[in-house]
């Protein structure tokens, strides 16, 4: 049991490339911290540095108050679970799990006791005398965990331990890992590229990009208050939708419609000196079928029309996808990196697919020209140049930093599509799309 | 294979080609076996099957220390050279496969250079060195050159095996509290055992079959190995060629090779082709 402190940790490889840049993180005793990021972001390197498998170029690493920079892995009292599990193929499950204790010259009866205890926890008792080659993927994964827990180490390090399991088993094992960590109460550092794993498992999640920690916070904080475009786009599935927007006299014009910013928000954005072009982030669940939104709530967002390209029902929810013109401005390095990570090739077209999560009660269908509503309260506004989330500057939460534009219109007014209004509003007009209804200007 | 259709003509063609090749390789061996069972008088008899079979040649060589002692030398020198070469080669191969260190490519190049160096060019210098060091006509006098020439072979074969062992196993061992040496002995070496056996076989065969060094660096049967000893067989008189005993001795030293190859055929092929397909 120990806290782990990463104090200005930097890793530069001999070829000069910077893998981890000035990493600072205090991991409390018993905390479950996740390092998450796209491949190549330095998360595994960071973990290897904690384990002692990679040298630290500069900075200080303390485990339990002791500087361990120059200690070899065996003197750090940490256990690690590898992505490939790295089970010793020539040893039985029992020998695999007892190997560390044997090296530590623990008496054989103590080893047996501890191995059997761990096997019981992990439901491996009947497999103790088998070789790893004869085990299923899930069993091997549990042996790898067992090898870590028999040692009762100061901390567990896990390097994508679930990525070799199939989807169903992964979800199951994820729960097991979580339960195990609660039960043992041991500090755990867990590396993954899967943001779902990160959000579900961690007490705290550090999102990394290109060797730099973007934000380290609780899963809820990351989701609700992402510090920048990268975190916003990385956390959440389906990912946050990004639209280009233009600020004009306190009105935020987007291809969905126009939003009026609150005075405070307007001041913050102006003070940041961003200029007129911004990127607007809306999560899929911020959208709703306009017909299902109560009149009281409509004023907090705007209503628009969209042609539904794809309709997916998950039973509990419905996802609909529609295309909006990309406009100018939505191309930042961070978004490109996210797109690459997600395997989305640059479409090169002018359209950007927007995902919306609707209530299952919706009657919207595929190919329909539907009326949708989007809640403006949780909207995020990003600076395209720096990627900074401008809507976070006020500390009292993003939800009230934005006021929906149509707050002066009668909530009961039918949201009739008004193409002429769209034209007059001067926003980028999108074919087949409703103008911003009730836009006062 | 089943998908490939062969006409009977093709089959016959390939069959006869195979038979021809095998016959070409095997007839001298069978001739040697035949000779070893012929009486001294029948040695010049051109018939393939001996007219009268005799164990006389075998009795003769196996009853004299002129052959038994060299046979023991062959086995002893071969085993020692093999063990030392494999132990050293496995450490060197591990370093070559795993570590980045200055001069690594030079080391690999040197090893290759030694392997392809014509041995005959080294006989004279080595002879002089061994004489001045007092190694001439001793077991170490043969063991050391055998190790030197076995090492490149061992390093190449073993590094191919080591490369196929996942590096994460070693990391896991280190995190489990092993020193680098413990990680090598307890995790890496057991996994590389098939490769080590293969390498050992190849190195042993090379030692066993060596004639050049054996004849050059020895002068008495105290250290002479079997292939060299056969050179010194004498006939019943000065004018008789000891064809029969030589043939019998040749058969005796071939038998272990045949057994080896039959048992370890797959391993030998794996060793010779290691790294060729995978990795």
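The values are calculated or read from the model by the stated rules, or taken from the named source; none is laboratory data. Just so it is clear, the structure is predicted and the values come from calculations on it, not from any experiment. Note that each Cβ is placed from the backbone with ideal geometry, even for glycine, and that neighbours are counted across all protein chains shown.
For region A:180-289, the helices (runs of 4 or more DSSP H) that sit wholly inside it and include 2 or more residues that are more than 18 Å from the chain's Cα centre (by Cα) and at pLDDT below 90 are A:263-271.
Is it the case that some residue within region B:128-145 is in contact with a helix residue (DSSP H, G or I) (Cβ under 7 Å, 6 or more places away or on another chain) and within 12 Å of chain A (Cβ to nearest Cβ)? Lay out the reasoning, then the answer.
Taking region B:128-145 as the starting set, the residues that turn out to be in contact with a helix residue (DSSP H, G or I) (Cβ under 7 Å, 6 or more places away or on another chain) are B:130, B:135-136, B:139, B:141-143, B:145.
Next, from what is left, pick out any that are within 12 Å of chain A (Cβ to nearest Cβ): none.
Looking for residues that are in contact with a helix residue (DSSP H, G or I) (Cβ under 7 Å, 6 or more places away or on another chain) and within 12 Å of chain A (Cβ to nearest Cβ), one finds none in region B:128-145, hence no.
Exactly one residue among B:81, B:23, B:85, B:89 is without any contact (Cβ under 8 Å) to a residue 12 or more places away in the chain and surrounded by 10 or more Cβ atoms within 10 Å (Cβ to Cβ), and that residue is B:23. Filtering region A:88-107 to residues that are over 29 Å from residue A:7 (Cβ atoms) and within 8 Å of another protein chain (Cβ to nearest Cβ) leaves A:88, A:89, A:90, A:99, A:103. Residues of region A:150-167 that are surrounded by fewer than 19 Cβ atoms within 10 Å (Cβ to Cβ) and in a loop (DSSP other than H, G, I, E, B): A:152, A:163, A:164, A:165, A:166.
Checked against the criterion of being modelled with pLDDT under 75, part of a helix (DSSP H, G or I) and surrounded by 14 or more Cβ atoms within 10 Å (Cβ to Cβ), region B:252-269 has at least one qualifying residue. The set of residues from region A:108-149 being assigned to a helix (DSSP H, G or I), farther than 19 Å from residue A:161 by Cα and within 14 Å of another protein chain (Cβ to nearest Cβ) comprises A:111, A:114, A:115.
Answer yes or no as to whether residue A:63 is closer than 19 Å to residue A:181 by Cβ and surrounded by 19 or more Cβ atoms within 10 Å (Cβ to Cβ).
Here the answer is yes, as residue A:63 does meet what is asked.
A Cβ distance below 6 Å, combined with a sequence gap of six or more or placement on separate chains, defines the contacts here; from region A:237-259, residues that are without any contact (Cβ under 8 Å) to a residue 24 or more places away in the chain reach residues that are surrounded by 23 or more Cβ atoms within 10 Å (Cβ to Cβ) and not in a loop (DSSP other than H, G, I, E, B) in the pairs A:250/A:261.
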